[in-house]
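Report on the structure given below.
The values are calculated or read from the model by the stated rules, or taken from the named source; none is laboratory data. Keep in mind that what you see is a predicted model, and the values were worked out from it rather than measured. Quick reminder, even Gly has a Cβ in these numbers, built from the backbone with ideal geometry, and neighbours come from all protein chains shown.
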Amino acid sequence: MNPSSDAIPSHNVDEMKAAVVQYSMIKKELNQLQQQSKAMRVRRDALYEKMKVFMRYNQLELCHISDSVKTDIRKIRYFQRDKKQRVTIKMIEENFADFFDSIDIQKFIALSNKEKSEAFFDFLDRKRPLKTLDCIIIR
(Lines give C-alpha, C1' and ligand atoms only; values in the text may rest on other atoms or scores of the structure.)
Protein backbone atom coordinates (compact mmCIF):
# COMPACT_ATOMS: atom_id res chain seq x y z
CA MET A 1 0.00 0.00 0.00
CA ASN A 2 1.33 3.42 -0.92
CA PRO A 3 1.70 5.73 2.15
CA SER A 4 0.74 8.77 0.10
CA SER A 5 -2.55 7.19 -1.00
CA ASP A 6 -5.79 9.13 -0.36
CA ALA A 7 -7.32 5.96 1.19
CA ILE A 8 -5.14 6.40 4.31
CA PRO A 9 -6.77 8.48 7.05
CA SER A 10 -5.19 11.64 8.43
CA HIS A 11 -1.80 11.38 10.10
CA ASN A 12 -2.69 13.99 12.69
CA VAL A 13 -1.06 12.97 15.99
CA ASP A 14 -3.54 15.00 18.04
CA GLU A 15 -6.45 13.07 16.48
CA MET A 16 -4.72 9.81 17.38
CA LYS A 17 -4.19 10.93 20.98
CA ALA A 18 -7.84 12.00 21.24
CA ALA A 19 -8.99 8.64 19.83
CA VAL A 20 -6.84 6.75 22.37
CA VAL A 21 -8.22 8.83 25.26
CA GLN A 22 -11.85 8.34 24.11
CA TYR A 23 -11.28 4.62 23.62
CA SER A 24 -9.82 4.32 27.11
CA MET A 25 -12.75 6.22 28.67
CA ILE A 26 -15.33 4.08 26.85
CA LYS A 27 -13.52 0.89 27.80
CA LYS A 28 -13.44 1.96 31.47
CA GLU A 29 -17.13 2.89 31.44
CA LEU A 30 -18.08 -0.43 29.83
CA ASN A 31 -16.11 -2.31 32.50
CA GLN A 32 -17.94 -0.39 35.24
CA LEU A 33 -21.30 -1.13 33.62
CA GLN A 34 -20.40 -4.82 33.37
CA GLN A 35 -19.60 -4.90 37.09
CA GLN A 36 -22.88 -3.16 37.93
CA SER A 37 -24.75 -5.55 35.65
CA LYS A 38 -23.11 -8.56 37.32
CA ALA A 39 -24.09 -7.30 40.78
CA MET A 40 -27.67 -6.74 39.62
CA ARG A 41 -27.86 -10.27 38.17
CA VAL A 42 -26.69 -11.69 41.51
CA ARG A 43 -29.39 -9.69 43.35
CA ARG A 44 -32.03 -10.71 40.76
CA ASP A 45 -31.14 -14.38 41.11
CA ALA A 46 -31.31 -14.19 44.92
CA LEU A 47 -34.78 -12.59 44.73
CA TYR A 48 -35.89 -15.26 42.24
CA GLU A 49 -34.80 -17.96 44.72
CA LYS A 50 -36.59 -16.14 47.54
CA MET A 51 -39.86 -16.11 45.55
CA LYS A 52 -39.47 -19.81 44.72
CA VAL A 53 -38.88 -20.75 48.35
CA PHE A 54 -41.86 -18.66 49.46
CA MET A 55 -44.17 -20.32 46.96
CA ARG A 56 -42.90 -23.82 47.72
CA TYR A 57 -43.11 -23.30 51.50
CA ASN A 58 -46.65 -21.90 51.24
CA GLN A 59 -47.65 -24.54 48.68
CA LEU A 60 -48.74 -21.94 46.13
CA GLU A 61 -48.99 -22.85 42.48
CA LEU A 62 -50.12 -19.43 41.33
CA CYS A 63 -49.64 -16.01 42.84
CA HIS A 64 -51.57 -13.03 41.46
CA ILE A 65 -49.94 -9.68 42.12
CA SER A 66 -52.37 -6.90 43.00
CA ASP A 67 -52.57 -3.80 40.83
CA SER A 68 -51.72 -1.79 43.95
CA VAL A 69 -48.20 -3.25 43.87
CA LYS A 70 -46.02 -0.97 41.74
CA THR A 71 -44.63 -3.51 39.30
CA ASP A 72 -45.30 -4.77 35.81
CA ILE A 73 -45.37 -8.33 37.19
CA ARG A 74 -48.92 -9.60 37.63
CA LYS A 75 -48.57 -13.36 37.95
CA ILE A 76 -46.04 -15.88 39.27
CA ARG A 77 -46.51 -19.59 38.63
CA TYR A 78 -44.63 -22.24 40.61
CA PHE A 79 -44.03 -25.77 39.37
CA GLN A 80 -41.60 -28.63 39.64
CA ARG A 81 -40.12 -30.50 36.73
CA ASP A 82 -37.83 -33.44 36.37
CA LYS A 83 -34.58 -33.05 34.52
CA LYS A 84 -32.36 -35.91 33.47
CA GLN A 85 -28.61 -35.70 33.94
CA ARG A 86 -26.64 -35.02 30.77
CA VAL A 87 -24.98 -37.92 29.02
CA THR A 88 -21.26 -37.42 29.53
CA ILE A 89 -18.18 -39.29 28.37
CA LYS A 90 -17.73 -40.44 31.97
CA MET A 91 -21.29 -41.81 32.03
CA ILE A 92 -20.70 -43.68 28.77
CA GLU A 93 -17.45 -45.14 30.12
CA GLU A 94 -19.12 -46.19 33.40
CA ASN A 95 -22.06 -47.89 31.67
CA PHE A 96 -20.43 -49.38 28.59
CA ALA A 97 -19.54 -52.72 30.17
CA ASP A 98 -22.89 -52.90 32.00
CA PHE A 99 -24.66 -52.54 28.67
CA PHE A 100 -22.89 -55.57 27.21
CA ASP A 101 -23.47 -57.56 30.42
CA SER A 102 -27.20 -56.88 30.13
CA ILE A 103 -27.82 -57.91 26.49
CA ASP A 104 -28.02 -61.09 24.47
CA ILE A 105 -24.87 -60.67 22.40
CA GLN A 106 -26.06 -62.93 19.54
CA LYS A 107 -29.23 -60.85 19.05
CA PHE A 108 -27.15 -57.67 19.34
CA ILE A 109 -24.75 -58.80 16.59
CA ALA A 110 -27.69 -59.37 14.26
CA LEU A 111 -28.86 -55.74 14.64
CA SER A 112 -27.99 -53.01 12.14
CA ASN A 113 -25.51 -50.36 13.24
CA LYS A 114 -28.34 -47.89 13.74
CA GLU A 115 -30.28 -50.38 15.90
CA LYS A 116 -27.13 -51.07 17.95
CA SER A 117 -26.64 -47.36 18.58
CA GLU A 118 -30.29 -46.91 19.52
CA ALA A 119 -30.11 -49.87 21.91
CA PHE A 120 -27.05 -48.46 23.65
CA PHE A 121 -28.45 -44.93 23.95
CA ASP A 122 -31.82 -46.26 25.16
CA PHE A 123 -29.89 -48.17 27.83
CA LEU A 124 -28.00 -45.00 28.78
CA ASP A 125 -31.22 -43.00 28.88
CA ARG A 126 -32.68 -45.41 31.43
CA LYS A 127 -29.51 -45.03 33.54
CA ARG A 128 -29.63 -41.22 33.64
CA PRO A 129 -30.60 -40.01 37.11
CA LEU A 130 -33.54 -37.61 37.47
CA LYS A 131 -33.32 -34.38 39.40
CA THR A 132 -36.43 -32.46 40.43
CA LEU A 133 -36.13 -28.73 39.84
CA ASP A 134 -38.20 -25.95 41.39
CA CYS A 135 -39.23 -23.38 38.81
CA ILE A 136 -41.23 -20.20 38.63
CA ILE A 137 -42.55 -18.30 35.66
CA ILE A 138 -42.88 -14.57 36.20
CA ARG A 139 -45.28 -12.59 33.99
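Table for the structure above
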| item | result |
| --- | --- |
| Residue match in segment 87-106 (condition: under 30 Å from K50 (Cβ atoms), of a type in the set (V, I, T) and either part of a loop (DSSP other than H, G, I, E, B) or free of Cβ contacts under 8 Å to residues at least 60 places away in the same chain (or both)) | no |
| Check on K17, modelled with pLDDT under 95, surrounded by 10 or more Cβ atoms within 10 Å (Cβ to Cβ), of a type outside the set (A, V, I, L, M, F, W, C) and in a helix (DSSP H, G or I) | yes |
| Members of segment 75-109 that are within 14 Å of D125 (Cβ to Cβ) and β-branched (V, I, T) | V87, T88, I92 |
| Pair list, Cβ under 8 Å, 6 or more apart: segment 107-129 residue over 23 Å from D82 (Cα atoms), other residue small (G, A, S) and surrounded by 14 or more Cβ atoms within 10 Å (Cβ to Cβ) | F108/A119; L111/A119 |
| Conditions (1) within 23 Å of the chain's Cα centre (by Cα); (2) over 30 Å from R139 (Cα atoms); (3) not in a helix (DSSP H, G or I); number of the one not met by H11 | (1) |
| Residues of segment 67-86 that turn out to be over 16 Å from D134 (Cα atoms), of a type outside the set (D, E) and part of a loop (DSSP other than H, G, I, E, B), as a count | 7 |
| Residues that are charged (D, E, K, R), surrounded by 10 or more Cβ atoms within 10 Å (Cβ to Cβ) and under 30 Å from the mean Cα position of the chain (by Cα), drawn from segment 84-133 | K84, E94, E118, D122, D125, K127, R128, K131 |
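Condition check ((1) surrounded by fewer than 10 Cβ atoms within 10 Å (Cβ to Cβ); (2) at pLDDT 95 or above; (3) out of contact with any Leu (no Cβ under 8 Å at 6 or more places or on another chain); (4) under 20 Å from R139 (Cβ atoms)) across all residues:
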| position | (1), (2), (3), (4) |
| --- | --- |
| Y23 | no, yes, yes, no |
| I26 | no, yes, yes, no |
| L33 | no, yes, yes, no |
| K50 | no, yes, yes, yes |
| V53 | no, yes, yes, yes |
| N58 | yes, yes, yes, yes |
| L62 | no, yes, yes, yes |
| K75 | no, yes, no, yes |
| F79 | no, yes, yes, yes |
